[in-house]
1. Are any residues in region 60-84 in a loop (DSSP other than H, G, I, E, B) and either at pLDDT 95 or above or within 30 Å of Lys209 (Cβ to Cβ) (or both), and if so, which ones?
2. I'd like to verify a number: residues in region 26-75 that are closer than 19 Å to Leu189 by Cα and of a type in the set (Val, Ile, Thr), how many?
3. Conditions: (1) part of a helix (DSSP H, G or I); (2) on the phi > 0 side of the Ramachandran plot; (3) polar (S, T, N, Q). Asn103 meets all but one. Number of the miss?
4. Conditions: (1) surrounded by fewer than 18 Cβ atoms within 10 Å (Cβ to Cβ); (2) at pLDDT 95 or above; (3) over 12 Å from Leu9 (Cα atoms). Tyr148 meets all but one. Number of the miss?
5. Quick one: is Ser23 surrounded by 20 or more Cβ atoms within 10 Å (Cβ to Cβ), on the phi < 0 side of the Ramachandran plot and out of contact with any helix residue (DSSP H, G or I) (no Cβ under 8 Å at 6 or more places or on another chain)?
6. Looking at Ile126, is it within 17 Å of Leu9 (Cβ to Cβ) and among the aliphatic types (A, V, I, L, M)?
7. May I ask you to say which residue of Leu194, Leu154 is aliphatic (A, V, I, L, M), touching a residue at least 40 places away in the same chain (Cβ under 8 Å) and not assigned by TED's automatic domain parsing to the domain that holds Phe41?
Amino acid sequence: MIKAIFFDLDGTLIKSMDDHFYSWNYILNKYQNISIDKNFFFLTEGTKLQVLVKKFFINKNIKCTSEEIEQLIFLKDQYYKSNFKVRFYPKVKNLIKFLLKKNILLYIVTSGSKRRVFRTLPKNFINLFENIITGDDCKKGKPFPDQYLTALKLSKIDRKNCLVLENAPLGIISAKKAKIKTIAITNTLASKYLYKADKIIKSIEELKKII
């Protein structure tokens, strides 16, 4: 019996991956003359932001400092907030209401910064979740299991009664390392990239049949 569900955020609940890609590409181009590959970005989604930005530099054989990375993350978050609005995938809000009526505890587990998540998500949506674990809450991000282990600890629910919904390979690996049943959704990537999940769905509505 499912008693808690841990949702990834970007690309899973909200239609934001293209927006994040454009935001990062704009900021990196403007301040470091770096362009990033969209497919690489989507496949590495879930990486802790500091590690992700460092990868952008490494791929271009450019050195960077921790201070530069933090500044770029700040600038990217500001650009994203100023230029894009939160767009939920179809049926997300209906599903959340359905799950709450079944007394299932809901959590968000995201690599996004706490600043960005809490400044962009509507408060009435945030309040539907027991807790939101961001990339700032753990030293290691996805694909390490730390964030999902944190969610488990906070929920106080046995992992056999928990479920993860993810849209990207690193998030799936993270959840599986935490030994939680993982469902992948094909919102941003084709099913061939999501094969490590226990099950793959095309619409978030399909969760109703699984629970």
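1. Filtering region 60-84 for residues in a loop (DSSP other than H, G, I, E, B) gives 60-65, 84.
The answer is Phe84, and nothing else.
2. Initial filter on region 26-75 (closer than 19 Å to Leu189 by Cα): 36-47, 52.
Retained after the next criterion (residues that are of a type in the set (Val, Ile, Thr)): 36, 44, 47.
The number of residues fulfilling the criteria is 3.
3. (1)
4. Tallying (1) surrounded by fewer than 18 Cβ atoms within 10 Å (Cβ to Cβ); (2) at pLDDT 95 or above; (3) over 12 Å from Leu9 (Cα atoms), Tyr148 fails exactly one: (1).
5. Numbers: surrounded by 20 or more Cβ atoms within 10 Å (Cβ to Cβ): yes; on the phi < 0 side of the Ramachandran plot: yes; out of contact with any helix residue (DSSP H, G or I) (no Cβ under 8 Å at 6 or more places or on another chain): no.
No.
6. On the way: within 17 Å of Leu9 (Cβ to Cβ): yes; among the aliphatic types (A, V, I, L, M): yes.
Here the answer is yes, as Ile126 does meet what is asked.
7. Numbers: Leu194 fails: touching a residue at least 40 places away in the same chain (Cβ under 8 Å).
After applying the criteria, what remains is Leu154.
This table checks each residue for (1) farther than 21 Å from Met17 by Cα; (2) at pLDDT 95 or above; (3) assigned to a helix (DSSP H, G or I).
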site: Val117; (1), (2), (3): no, yes, yes
site: Lys139; (1), (2), (3): yes, no, no
site: Pro143; (1), (2), (3): no, yes, no
site: Leu152; (1), (2), (3): yes, yes, yes
site: Leu163; (1), (2), (3): yes, yes, no
site: Lys176; (1), (2), (3): yes, yes, yes
site: Ile183; (1), (2), (3): no, yes, no
site: Leu189; (1), (2), (3): no, yes, no
site: Lys208; (1), (2), (3): yes, no, yes
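The values are calculated or read from the model by the stated rules, or taken from the named source; none is laboratory data. All of these numbers come straight from a predicted model, not from anything done at the bench. Virtual Cβ from ideal backbone geometry, glycine too; neighbours counted across all protein chains shown.
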